[in-house]
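The values are calculated or read from the model by the stated rules, or taken from the named source; none is laboratory data. Given the structure is predicted, the values throughout are model-derived calculations rather than measurements. Cβ atoms come from the backbone with ideal geometry, glycine included; neighbour counts cover every protein chain shown.
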Amino acid sequence: MTLCLIDVGSNTVRCLIVRREGDEVVPVLHRLRATRLGARLPETGRIAEENLAATAAAVARFIQCGRSEGTQRFEVVGTAALRQASNAVEAKAAIEAAAGMLMRVLSEEEEAGLTFAGALGSLPEVPETATVLIVDVGGLSLELAVGSRSEISWCTSLPLGCRALTEAFLRSDPPSREERRRLAQHVSATLAAVRPPRAAPGMVIAFGGTPTTLVALREQMETYDGDRVHGSRLRRAEIAAWAEGLAGMNLAARRVPMAVDPDRAEVIIAGALLLAGVLDWAGAKDCLVSDRGLLTGLAMSVLEKREPG
């Protein structure tokens, strides 16, 4: 069975095509396109028409890509932007029309659960009884969840996405030191108001374009290789160093070393400062980086519910 799974995020549309081989979920193709669906949404409350058009077109292209791979089943899901926007119903309908199929907008709890399942299901090195903090850095929101392989014990969603933070704080190009200080202070204050889970996590796993791009930068990838990124480790000091170094470049200059995802150059500084702030809040010196998140969890969920044969 071949599945095509599409995640309509606030910054990026991701497509993952997988094939079931026995008990294994084997990735066949992974594509993404930055469409900025949630750009300026915290300010205007609405999804902009041009960003909606770009998102709908990306979803339609990925559907066609799935068909060319012989996909038997499609799953299209939306996250924060389609939960928050005042015109979310109209936006969802436009994406469905372009895709030629229905999509499902995930609740915060569903998103956390699928991301958690995708994380632990694709990282067998995580001990069975380990308490894990999952950090999902999105465009509009930060999703945090704590649990083990058996259950999620705590989760929350915070308005700390890398795009939202960029638009709110980093107005200069390149962003000034004072702008970055105020962003980091806001992240710290927001997290300080969150009641931490009772059991301190023994491991932090980070998802999203921020941590995966930082690994790709470190490894000097010209073409993104998810297998090399998945399971890598990022130190807190390393993340802070990247934020400082990239902040010394303007947007055009940042795009050059970020050949794997040049559009990420707009939001990478805010994303790095946010990830560093989360590690400080968690009392962690590093994090494990996962290239398998929500879509992998969604694939596992779909395959588990399907009757054999």
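Tabulated data
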{"item": "Of the criteria (1) farther than 23 Å from Thr115 by Cα; (2) touching a residue at least 24 places away in the same chain (Cβ under 8 Å); (3) surrounded by fewer than 24 Cβ atoms within 10 Å (Cβ to Cβ), which one Asp286 fails", "result": "(1)"}
{"item": "Residue among Gly121, Gly100 that is buried (at least 16 other Cβ atoms within 10 Å of the Cβ), out of contact with any Cys (no Cβ under 8 Å at 6 or more places or on another chain) and over 27 Å from Ile269 (Cβ atoms)", "result": "Gly121"}
{"item": "Check on Ala284, outside any helix (DSSP H, G or I) and among the aliphatic types (A, V, I, L, M)", "result": "yes"}
{"item": "Filter result (of a type in the set (A, V, I, L, M) and not in a strand (DSSP E or B)) within the range 1-45", "result": "Met1, Leu37, Ala39, Leu41"}
{"item": "Residue tally, condition surrounded by fewer than 18 Cβ atoms within 10 Å (Cβ to Cβ) and not in a helix (DSSP H, G or I), over the range 106-118", "result": "1"}
{"item": "Filter pass, Ser153 being within 18 Å of the chain's Cα centre (by Cα), closer than 29 Å to Ala284 by Cβ, outside the structural domain of Gly9 (by TED's automatic domain parsing) and not in a helix (DSSP H, G or I)", "result": "no"}
{"item": "The range 78-95, residues that are crowded, with 21+ Cβ neighbours inside 10 Å and not in a helix (DSSP H, G or I)", "result": "Gly78, Thr79, Ala85"}
{"item": "Candidates Leu165, Leu144 - the one that is closer than 21 Å to Arg14 by Cβ, modelled with pLDDT of 95 or more and under 22 Å from the mean Cα position of the chain (by Cα)", "result": "Leu165"}
{"item": "Test set (1) over 21 Å from Val137 (Cα atoms); (2) in contact with a strand residue (DSSP E or B) (Cβ under 8 Å, 6 or more places away or on another chain) - Asn11 fails condition number", "result": "(1)"}
{"item": "Residue tally, condition in a helix (DSSP H, G or I) and either in contact with a helix residue (DSSP H, G or I) (Cβ under 9 Å, 6 or more places away or on another chain) or not assigned by TED's automatic domain parsing to the domain that holds Gly245 (or both), over the range 165-184", "result": "11"}
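Residue-wise test of (1) in contact with a helix residue (DSSP H, G or I) (Cβ under 7 Å, 6 or more places away or on another chain); (2) over 28 Å from Arg255 (Cβ atoms); (3) not assigned by TED's automatic domain parsing to the domain that holds Pro159; (4) not in a loop (DSSP other than H, G, I, E, B).
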| residue | (1), (2), (3), (4) |
| --- | --- |
| Ile47 | yes, no, yes, no |
| Glu50 | no, no, yes, yes |
| Ile63 | yes, yes, yes, yes |
| Gly66 | no, yes, yes, yes |
| Val76 | yes, yes, yes, yes |
| Ala97 | no, yes, yes, yes |
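Conditions (1) assigned to a helix (DSSP H, G or I); (2) under 21 Å from the mean Cα position of the chain (by Cα), marked per residue:
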site: Thr213; (1), (2): yes, yes
site: Tyr224; (1), (2): no, yes
site: Ala241; (1), (2): yes, no
site: Ala265; (1), (2): yes, yes
